[in-house]
Amino acid sequence: MLDQINNLIKEIMSFSASSVADIEEFRIKYLSKRGKISNLFDDFRSVSPEQKKIIGEKLNEVKKLAQAKLVEINRLFEPKSYKTLEIDYTLPGDPMPVGSRHPVSIVRNEIIDIFSRLGFTVSEGPEIEDDWHNFSALNFPEAHPARDMQDTFFIRKDPDILLRTHTSSVQVRVMERQKPPIRTLSPGRVFRNEAISARHHCIFHQVEGLYIDENVSFADMKQALFYFSVEMFGSDTKIRLRPSFFPFTEPSGEMDISCSLCSGRGCNVCKNTGWLEIMGCGMVDPNVLEFCGIDTVKYTGYAFGMGIERVCMLKYRVNDLRLYFENDKRFLDQFITSVI
Ligand code: 2U9
């Protein structure tokens, strides 16, 4: 049997393939189930125990040799491009596409940057909230429409748990654990049970601000919001405040900025009013301060809130809210910028 194996080794070593068909012929002849090597392994069963070791080793050797030969002859017939592939390290690399920040992130960072110059820090909190932090601590009456299933996403199993409808809930948490002075921003995603359209979405982003200290006045708020508006929309920007109502602030206001497109003369963006609504604001209702354990004799505060997509829409003149959530690369690529 040793002779047979040695002859087979010679045969395999001297095999040369001149076509792809020869490769398959080689495989069948030597390495298939009924091939020569397989047959020898069958014969191996009847080899005497003394010879088992030496013949076994030889058989494994011939099998490995045949496998290596098969790889070798396969290589000869590989497509030319593989065979001749050589890497030229001097060539420039493949360009890597540069990503872009989402416009909502750009504007959020800009808002944070502006208010941080006035001493505001950033606070974050959970998107899944409880009724207390989202509504009750913010002075929402028991029967307020925002508490309705039509307006808020409640967790079915427990109506005390909901998706936050504003980031004011984060600021309630800050007030509960921190004593004034408090000067903080809470940017983040909020959720409202709205039908999706160009003007409404069930998810959007807010930045809310809260400043609580001794002697904080409405005038302080107006000056801070004016500073923000000029920094965000340009040095010619004017502001105006209109009276409004929110459960969590008293008095409350809505702030408009002068329309930068028509410089206040009137155009279709500002619906010929010369003004664009940008945010809500007001002095924090003393009930809210009390609910959060803050001394209302000593402290007052102001708060404001704005929708980031709304600021984006005015800044970039995008008039369909849905574009901010679709992540269409053709839309996002238009915001490649070096801005933070
Ligand atoms: C605490 C107390 C009061 C935050 C405020 C608004 C007015 C406001 C809206 C703007 C557009 C929400 O995104 S929007 O729909 N926000 O008008 N937000 S005052 O007031 C607070 C916040 C925290 C503890």
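The values are calculated or read from the model by the stated rules, or taken from the named source; none is laboratory data. Everything quoted here is computed from the prediction, not taken from an experiment. Every residue, glycine among them, receives a Cβ derived from its backbone with ideal geometry; neighbour counts consider all protein chains shown. Just so you know, the surface numbers come from the protein's heavy atoms only, side chains and all, with ligands and any DNA or RNA stripped out. Shrake-Rupley method; radii C 1.70, N 1.55, O 1.52, S 1.80 Å.
A few comments on the model shown:
- Among the candidates Val318, Val311, the residue that is closer than 22 Å to Leu118 by Cβ, more than 9 Å from the ligand (Cβ to nearest atom) and not basic (Lys, Arg) is uniquely Val311.
- Looking only at region 87-111, and only at residues there that are assigned to a helix (DSSP H, G or I) and touching a Phe, Trp or Tyr at 6+ places or on another chain (Cβ under 8 Å), the one that is nearest to Val190 (Cα to Cα): Val104
- Selection of region 322-340 for residues being modelled with pLDDT of 90 or more and open to solvent by less than 40 Å² (accessible area, probe 1.4 Å) yields Tyr324, Phe331, Leu332.
- Residues that are touching a strand residue (DSSP E or B) at 6+ places or on another chain (Cβ under 7 Å) and not in a loop (DSSP other than H, G, I, E, B) within region 120-151 comprise Thr121, Val122, Ile128, Glu129, Asp130, Asp131, Asn134, listed in sequence order.
- Flag for Phe77 being without any contact (Cβ under 8 Å) to a residue 60 or more places away in the chain, of a type in the set (Phe, Trp, Tyr) and either more than 30 Å from Pro187 (Cβ to Cβ) or not assigned by TED's automatic domain parsing to the domain that holds Arg173 (or both): no
- Whichever residue in region 258-278 is within 14 Å of the ligand (Cβ to nearest atom) and free of Cβ contacts under 8 Å to residues at least 40 places away in the same chain and, among such residues, is least open to solvent (accessible area, probe 1.4 Å): Leu276
- Strands (runs of 3 or more DSSP E) (entirely within region 154-243) containing at least 3 residues that are within 12 Å of the ligand (Cβ to nearest atom) and open to solvent by less than 80 Å² (accessible area, probe 1.4 Å): 182-191, 203-213
- Summed over region 279-294, the residues that are open to solvent by less than 20 Å² (accessible area, probe 1.4 Å), aliphatic (A, V, I, L, M) and in contact (Cβ under 8 Å) with a residue 60 or more places away in the chain give a count of 4.
- Scan of region 219-268 for residues that are touching a Cys at 6+ places or on another chain (Cβ under 8 Å) and polar (S, T, N, Q), ordered by number: Thr249, Ser252
- Taking the criterion of being touching an Asp or Glu at 6+ places or on another chain (Cβ under 9 Å) and assigned to a helix (DSSP H, G or I), the residues of region 1-28 that qualify are Gln4, Ile5, Ile9.
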